[in-house]
Structure formats: C-alpha cells, structure tokens
Amino acid sequence: MFQKDDLVVYGRTGVCRVMDITTPDFCRAKSGEKKKLYYVLNPMYQDGTIYAPVDNPKVLIRPILTAEAARRLVDMIPTIRAQAYYGGSTQDLRDHYQTLMQTSDCADLMELVMSIYAKKVYVEQTKRKFGAVDEHFMKQAEQLLNGELAAALDVPMDQVSDYIAAKVKARKPASGRGADASMMEKV
C-alpha cells in the first residue's frame, strides 16, 4: 500500500502524488460492509483529483522509477533499436500502440517514442503525411515518459528532452551522432 505523499504512476494519467488515503463521503458502505479505502491522487502534470480504490486491479498503479533506474534508462537509449510499425489498418496500428501503452513500462514507452519518431522521419523523407494515430500515440507516450523521468530525476518536465539529449551526446563521440541521437533529442 502506498503512503501519503508518495509519487505513483496511475494508468495513462501518469505521475500523481498520493494526497490522502481515506474513505470519501461518496462511498457509503452498506451496513455490515467494510468501508472501501481510496487513494486521493493529485496528477502532477494535469488538473484534477482522482479517487482510486486501493484494491482496484483494473487500473495499474505503481511507484515511479527511482532516480537510479531513470538514469539507467537514459543510459540505455543508444542501444535501443527503433523499428517502425506500419500495421495493416488504422485499427491494427491503434491496437498495437495501445498494447504497448498499457504496460506503463518506461522502457516500452521509450522504445515506442523512438519507433514512432523513426517512422515520422521516414515518412517525411518520402514526402508523405505523418498519420494522426502515430502522432497521437507519440505525444501520449512522450508525455507519460517525460513526466515520470522528470519526477524521478527532479528535472522540470519541459527540460527532460534537453537532459536526455545532453546525456546521449555525452556518451557518444561526435562522429557517432546518427539517427539514434537525433531521435533522442525529440524525446
């Protein structure tokens, strides 16, 4: 069970702070039933309050990455091989991306962002239009990934891309800057 003030990742909302653990007024237990506990969550990068049942297996809630795990993830960026997914139809593409997003795993999100970005570069080089489904999922994955990295590394969210680019650039010799490095400047 999480504690008050813990930072957690809640589903596709992203990073939230646990503000309280309580039984809200709207949750009235019937006589003889145990009152249900809820996390009161405050999303870090959007407005609102979320009441999430403590025992809800339907929505993933997990602790954010540690700073060390976040640094290891950034360090592994040059080894990630982006592979664009084209799918047979728009629905196939959407289903593929949704499956990857459901894991809420930062390595999966990093690979997804890099893969969609590689697709974007290719599509633009061939003078075609980048798809709305690709754009939507790339933005959503970037937001979730950058939000968690910002919280874990104690870096403002709008500076995460610069932080990643600097770390990747520092690890690669100047002649080694290729597609992988330019993709990370996007993340």
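The table for this structure:
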| read-out | value |
| --- | --- |
| Residue list for the stretch 7-25, restricted to those being more than 15 Å from ALA150 (Cβ to Cβ) and in a strand (DSSP E or B) | TYR10, VAL18, MET19, ASP20, ILE21, THR22 |
| Matching option when the condition is assigned by TED's automatic domain parsing to the domain that holds ALA170, closer than 27 Å to VAL123 by Cα and either among the basic types (Lys, Arg) or at pLDDT 85 or above (or both), among LEU93, LEU73 | LEU93 |
| Filtered residue count, the stretch 148-175, keeping only those that are more than 14 Å from LEU73 (Cα to Cα) and of a type outside the set (A, V, I, L, M, F, W, C) | 9 |
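The values are calculated or read from the model by the stated rules, or taken from the named source; none is laboratory data. A quick note: this is a predicted structure, and the numbers were derived from the prediction, not measured. Cβ sites come from the backbone with ideal geometry, for glycine too, and all protein chains shown count toward neighbours.
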